[in-house]
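> Following this message is one structure expressed as structure tokens.
Read-outs: derived from the displayed coordinates by stated rules, not from any lab. Everything quoted here is computed from the prediction, not taken from an experiment. Because the Cβ atoms are built from the backbone with ideal geometry, glycine has one as well, and the counts that use them run over all protein chains shown.
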Ligand SMILES: [Mn+2]
């Protein structure tokens, strides 16, 4: 990329200035040797935390949706969509804020000492694929756009076929409704064997009618508190009581206790925020791992409001009494054995965060921990292993 820019700059010079002014320097009209290119890289290839155009963690950036030739093992993709929220809007600015807050993540100092791995300098090709240009005017269209984008990006051949059979996506949100198109895009591949690990203050399995609904409208069903209800209705997630999905960090007010009965009926296991006091991080980790195991494909959906507003005020529906950032990171490290096939970090709404950008920093750290887990798991996983066989059988059923 860098060399291309230099060459095109030189070409632009020759086009705009006189031939004489440009001639003689021979910057743009000769072949560069590999050694010369390496020397340029050595001299100018460095990026400090505060330099560069702002891709996630200074990763190579490509508009993957318009460049089918781009391949990757893990893609960071922004979904700047926030018109399905019930309270504060603003999460459309989340992807940019998370990228900005990831500035101090670099490949040269990316070693995650908790995970004992540098996800940016390992087997995986990780790309920042930019944003999906989601309509802010038409939610039905937005849902279609996100579904098609996730399907397109997820079905591309990976770079490291020896480690995975399809690439993994980590979505920067955006409001939480984007989990529905993300799960729809995984349906053909995993079918109902897919399980969800959901970090959130809120259930998000609410029947759409639990919102004020005197004016019936199917369109209102697509909102950031009902997407897991819709996913259940559409058979996108596990509905076997032997293989429940998991909520972690719950603490919101309810319509009534029947919200929990509805949640039970949708095959969810609940870990509430207060469980952290009673069980500690170790207990929470054990409960998640005992429930989800290390083989079933798991989609991780993390609403940043799982954190207490003291740590993450920049979010759409803050709820006091949440976990600390340190506790969340500890839990994320403890569950690295999960077979994560995709993830999102959502509801980052920078207009409500402090000048220290603590909310977006926490979200960027979550992405780092998820990347570390995916790369670490993939290092020991071969395509065609147990988790992959499950994918084959899910495909056969369809
Ligand atoms: Mn929430």
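> Before rounding to the nearest 500, sum -39500 (n - 2.57) across all DSSP H runs of length at least 4 in the chain and divide by the residue total; then give [θ] at 222 nm in deg cm²/dmol.
Calculated mean residue ellipticity at 222 nm is -11000 deg cm²/dmol.
> Hey, quick one: spin label on residue 233, modelled 7 Å out along Cα-Cβ, who in region 189-223 has an amide N within reach, i.e. under 17 Å?
204-223
> So what's the angle, to the nearest 10 degrees on a 0 to 90 scale, between helix 358-380 and the longest Cα principal axis of the chain?
Roughly 80 degrees, rounded to the nearest 10.
> Here is a further query. Roughly speaking, what is the stretch gain from residue 42 to residue 282, that is 0.36 nm per residue apart minus the C-alpha to C-alpha distance, in nm to one decimal?
Working it through step by step, the gained length comes to 81.9 nm.
> In nm, to one decimal, how far is the residue 140 label point from the residue 63 one, both placed 7 Å along Cα→Cβ?
Going from the residue 140 label point to the residue 63 one covers 2.8 nm.
> Using a Gaussian network model on the chain with a 10 Å cutoff between Cα atoms, which of 137, 48, 81 fluctuates the most?
137
> Roughly how tilted is helix 34-44, in degrees to the nearest 10 and between 0 and 90, from the longest Cα axis of the chain?
70
> How high is the FRET efficiency from residue 258 to residue 351, r the C-beta distance, R0 41 Å, rounded to 0.05?
Once rounded, the FRET efficiency stands at 0.75.
> Still on this model: Could you give the nm distance between label points at residue 289 and residue 87, where each point is 7 Å from its Cα heading toward the beta carbon?
3.3
> How far apart, in nm, are the 7 Å Cα→Cβ label points at residue 265 and residue 123?
About 4.5 nm separates the two model spin labels.
> While we're looking at this one, here's another question. Go ahead and collect, in residue order, the members of region 321-346 whose backbone nitrogen is under 15 Å from a label point 7 Å along the Cα-Cβ direction of residue 310.
Residues 321-328 fall inside that zone.
> With the contact rule set at Cα under 8 Å and sequence spacing of 6 or more, what percent relative contact order holds for the chain? Show your work: numbers first, answer last.
Values: 782 pairs, mean separation 76.7, N = 398.
Answer for the chain is 19 percent.
> Now for a different question. Quick one: give the max-minus-min coordinate of the C-alpha atoms of region 114-256 along each principal axis, largest first, in Å.
53, 36, 27
> Compute the helix-to-body angle for 325-334: its Cα long axis versus the longest principal axis of the chain, expressed 0 to 90° and rounded to tens.
90
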